[in-house]
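As structure tokens, the structure follows; a few thoughts come after it.
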Amino acid sequence: MTDSYTPPKVWTWNKDDGGPFASINRPIAGPTHDKILPVGKHPLQLYSLATPNGQKVTILLEELLEAGVKAAEYDAWLIKIGDGDQFSSGFVDVNPNSKIPALMDHSVSPPQRVFESGAILLYLAEKFGKFLPTDPAKRAATLSWLFWQMGSAPILGGGFGHFFAYAPEKFEYPINRYTMEAKRQLDVLDRHLAENEYIAGDEYGIADIAIWPWYGGVALDRAYGAAEFLDAQSYKHLLRWANQIDARPAAKRGRIVNRTSGPLEEQLHERHDAGDFETKTQDKLEGVA
């Protein structure tokens, strides 16, 4: 049992405290340096990294292209959050909150910025009329689960994931506290998916795309090395759904865009054309990293 921490009357920032993310965490907003963001050839310009939140948007864009929506072609630029790219003046102009992903839509005038992953999913689904039902009841279900994810994932990531995998020291209370809530969320999904093929019913949509990188990642043992700890295999309906989406070609493509970690075959640092995936496959066959 460690000594109890007594908070000071006024908190002050200790730059060296915070584990592996100490160098990029700070209690103030705004840019730290001037840098203009690149702009590619497509109207949709995405600035991101393949975290679960980043994967949501690239999966939806790939699903739109898979569905024949040619106007969903996009450039995906890598934002290295470990290097502080999200604090550039150009990125802050797109997202004043300095978090990935961030989108600029140059198909409208003036260009439209969209930030927060859930907002981007909703924006693109409405823009292209795909993956968001028009039936009022189904639409309400989709949006309810989309916002469930936006409110729940910080518990899984910033709560459980941080204290279990990233905190500079492991303490029993926060790990137990967030594990309990993470498992409750997994149970919520498992019970729901026992009666539904997809999150919002019988149609695949943006609710699935939002939830899968987070909770599907846990079920498929791609997050925090915690699948055994959380007994993820016991959530059989969640696992069925996770594998079902994992088999989708667009999900396979989308989850590797802007990815810089893991096996080389699962990394595509930037994406500017559908041919980038083909080039990557050819490089793999030829043994080129």
### Query
Can you tell me which residues in segment 120-139 are among the aliphatic types (A, V, I, L, M) and assigned to a loop (DSSP other than H, G, I, E, B)?
L132
### Task
Test each condition in (1) surrounded by fewer than 22 Cβ atoms within 10 Å (Cβ to Cβ); (2) touching a helix residue (DSSP H, G or I) at 6+ places or on another chain (Cβ under 8 Å); (3) within 29 Å of E126 (Cα to Cα) for N196 and report the one that comes out false.
(2)
### Task
Please list, ordered by first then second residue, the pairs with beta carbon atoms under 6 Å, 6 or more apart or interchain, first in segment 165-176 and over 14 Å from I155 (Cβ atoms), second modelled with pLDDT of 95 or more.
A165/Y224
### Task
Find the residue count for segment 50-70, including only residues that are under 17 Å from R113 (Cα atoms) and among the hydrophobic types (A, V, I, L, M, F, W, C).
2
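Out of A210, A182, I need the residue that is under 24 Å from L60 (Cβ atoms), in a helix (DSSP H, G or I) and not charged (D, E, K, R). Which one? Step through it out loud before you land on a result.
Working: A182 fails: under 24 Å from L60 (Cβ atoms).
On inspection, the qualifying residue turns out to be A210.
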### Task
Scan segment 102-121 residue by residue and report those that are farther than 22 Å from F87 by Cβ and either acidic (D, E) or crowded, with 17+ Cβ neighbours inside 10 Å (or both).
D105, G118, L121
### Query
Mind checking which residues of segment 228-261 are among the small types (G, A, S), over 16 Å from the mean Cα position of the chain (by Cα) and either surrounded by 13 or more Cβ atoms within 10 Å (Cβ to Cβ) or at pLDDT below 95 (or both)?
A232
### Message
Out of everything in segment 275-289 that is surrounded by 12 or more Cβ atoms within 10 Å (Cβ to Cβ) and farther than 23 Å from I81 by Cβ, what residue ends up being modelled with the lowest pLDDT?
### Response
K284
### Odd one out for I100 among (1) assigned to a helix (DSSP H, G or I); (2) of a type in the set (A, V, I, L, M); (3) free of Cβ contacts under 8 Å to residues at least 60 places away in the same chain
(1)
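The values are calculated or read from the model by the stated rules, or taken from the named source; none is laboratory data. Since this is a predicted model, take the numbers as computed values, not measurements. So basically every Cβ, Gly included, is an ideal-geometry build from the backbone, and we count neighbours across all protein chains shown.
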